[in-house]
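Q: Mind having a look at this structure? Questions to follow.
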Amino acid sequence: MTIENKPDSLEDLFAHNRAWSSRMERDRPGFFTSLVKQQTPKYMWIGCSDSRVPANQITGLEPGEVFVHRNVANIVVHSDLNALSAIQFAVERLKVQHIMVVGHYGCSGVQAALEGARIGIADNWLRHIQDVRDRHHVMLDSLPEAARANALCELNVAEQVVNVAVSTVMQDAWSRNQSVTIHGWAFGVHDGLIQDLELTVDGTKPMENQYRAAVQRIRYKWSKPADTGTSEYIK
Ligand SMILES: [Zn+2]
């Protein structure tokens, strides 16, 4: 579907859905029948609810190939039964091999948290990102102002990777030697590309040093002036 051809009514959505279903069945007979039997995704995606960050399209994955959990600003709170249930289902039932926590530049949730803007009930949710902001305030204050939202987006990913890793679900999985690796990524709405923040945790070694190194890389990356061409600020 092209931008020019985008649907503007609910009827269009149903029409597009019927066309997609027929096209899939025509091109790959039995596609839906095999989907009904089981889903065997290797990947779990924990991302932002932002409509510009659709897990499947970005990664070229098809139905059945990625298990997705999304919320505002890709946060994994220790006591969030929704996120924890999704992670447990993915790890224990589906046996995913990789969990990617994916932030995105230009995230309104991160921006609101950075500015302390009042939105409403979401303020209480975004308070978790403000905690990240406050934890790293010395670094953030040292960065050029225009780079702070990008840096906070990446810092938030790093913190949420840690939150997934310390969850009982992951600790239990690793204690029984299940192979599951957590990755921290950031997606650029402006160029459609995923950046690997290289905070990759697989439970085989303490992650403290990896976390610290990732935070240092973020500081270094965003402390460079924008005009060097090496770290253009992303709006
Ligand atoms: Zn977002």
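Q: Post the alpha-carbon centroid distance, the range 1-50 to the range 113-161, in whole angstrom.
A: 34
Q: Continuing with this model, one more query. Among DSSP bridges having both ends in the chain, what percentage is antiparallel? Round to the nearest 5.
A: Details: 5 of 23 bridges.
Roughly 20 percent of the DSSP beta bridges within the chain come out antiparallel.
Q: In what sequence do Phe89, Phe187 fall when counting other Cβ within 10 Å, fewest first? Show your work: numbers first, answer last.
A: Values: Phe89 15, Phe187 26.
With the sparsest Cβ surroundings first, the list reads Phe89, Phe187.
Q: What stretch of the chain, leaving out the sites themselves, is the longest with no GluC sites (Glu not before Pro) in a DSSP loop having at most 16 other Cβ atoms within 10 Å? Show your work: numbers first, answer last.
A: Values: sites that count: Glu4, Glu65, Glu232.
It runs 66-231.
Q: As I understand it, the value is the acute angle between the Cα axis of helix 122-135 and the longest principal axis of the Cα atoms of the chain; what does it come to in degrees, rounded to 10?
A: Between helix and principal axis, roughly 40 degrees.
Q: Sticking with this one: Straight-line reach from Lys37: which lysines fall under 27 Å, measuring Cα to Cα and dropping same-chain residues less than 8 apart?
A: Lys95
Q: Once the Cα atoms of helix 10-27 and of the chain are each reduced to a long axis, what angle between those two axes, in degrees from 0 to 90 to the nearest 10, is obtained?
A: 70
Q: Starting at the first residue of the range 165-173, write each ³J(HN,Hα) from the Karplus equation 6.51 cos²θ - 1.76 cosθ + 1.60 with θ = phi - 60°, in whole Hz, x for Gly and Pro.
A: Listing the rounded values in order: 5, 8, 5, 4, 4, 6, 4, 5, 4 Hz.
Q: Next up: Report the semi-axes of the equivalent ellipsoid for the chain in whole Å, largest first, where each axis is √(5λ) for an eigenvalue λ of the Cα gyration tensor. Mind showing how you got there, number by number?
A: Details: eigenvalues 199, 117, 54 Å².
After scaling each eigenvalue by five and taking roots: 32, 24, 16 Å.
Q: With a 10 Å Cβ neighbour count serving as the proxy for reagent exposure, in which order, fewest first, do Trp185, Trp45, Trp174 appear? Spell out each step's value before the answer.
A: Numbers: Trp185 23, Trp45 26, Trp174 17.
Sorted ascending by nearby Cβ count, the order is Trp174, Trp185, Trp45.
Q: Return one number: the angle in degrees, 0 to 90 and rounded to the nearest 10, between the long axis of the Cα atoms of helix 208-223 and the longest principal axis of the Cα atoms of the chain.
A: Once rounded, the angle reads 80 degrees.
Q: Contact order normalised by length for the chain, with contacts defined as Cα pairs under 8 Å and 6 or more residues apart; what percent is it?
A: Details: 331 pairs, mean separation 43.1, N = 235.
Result for the chain is 18 percent.
Q: Would you pull out the residues with amide H under 5 Å of Leu197's amide H, same chain only if 5 or more places away, H placed 1.01 Å from N?
A: Gly184, Trp185, Ala186
Q: About its Cα centre, what dipole magnitude does the range 39-228 give when the only charges are +1 on Lys and Arg Cβ and -1 on Asp and Glu Cβ, stated in debye to the nearest 20?
A: On the way: 17 positive and 20 negative charges, 43 e Å.
Dipole of the range 39-228, to the nearest 20 debye: 200 debye.
Q: Check the straight Cα-Cα distances from Lys224 and name the lysines below 18 Å, setting aside those fewer than 8 residues away within the same chain.
A: Result set, ordered by chain and number: Lys235.
Q: Now for a different question. Amide H neighbours of His104 under 5 Å, counting only residues 5+ apart in sequence or on other chains, H built in-plane at 1.01 Å?
A: Placed amide hydrogens put Phe187 under 5 Å from His104.
Q: Continuing with the same structure: Can you sort Leu81, Leu61, Leu143, Leu126 from fewest to most other Cβ atoms within 10 Å of each residue's own Cβ? If you can, show how the numbers build up before the last one.
A: On the way: Leu81 9, Leu61 16, Leu143 20, Leu126 24.
Listing Leu81, Leu61, Leu143, Leu126 from fewest to most nearby Cβ atoms yields Leu81, Leu61, Leu143, Leu126.
Q: Could you give me the ³J(HN,Hα) list for the range 59-75, computed from phi with Karplus coefficients 6.51, -1.76, 1.60 and θ = phi - 60°, whole Hz, x at Gly and Pro?
A: Taking θ as phi minus 60°, the curve returns 9, x, 8, 9, x, x, 10, 9, 9, 10, 10, 10, 8, 5, 6, 6, 10 Hz for the range 59-75.
Read the figures in this text as sums done on the coordinates, not as results from a lab. Here the structure is a predicted model, which is why all the values come from computation and not from measurement. Cβ sites come from the backbone with ideal geometry, for glycine too, and all protein chains shown count toward neighbours.
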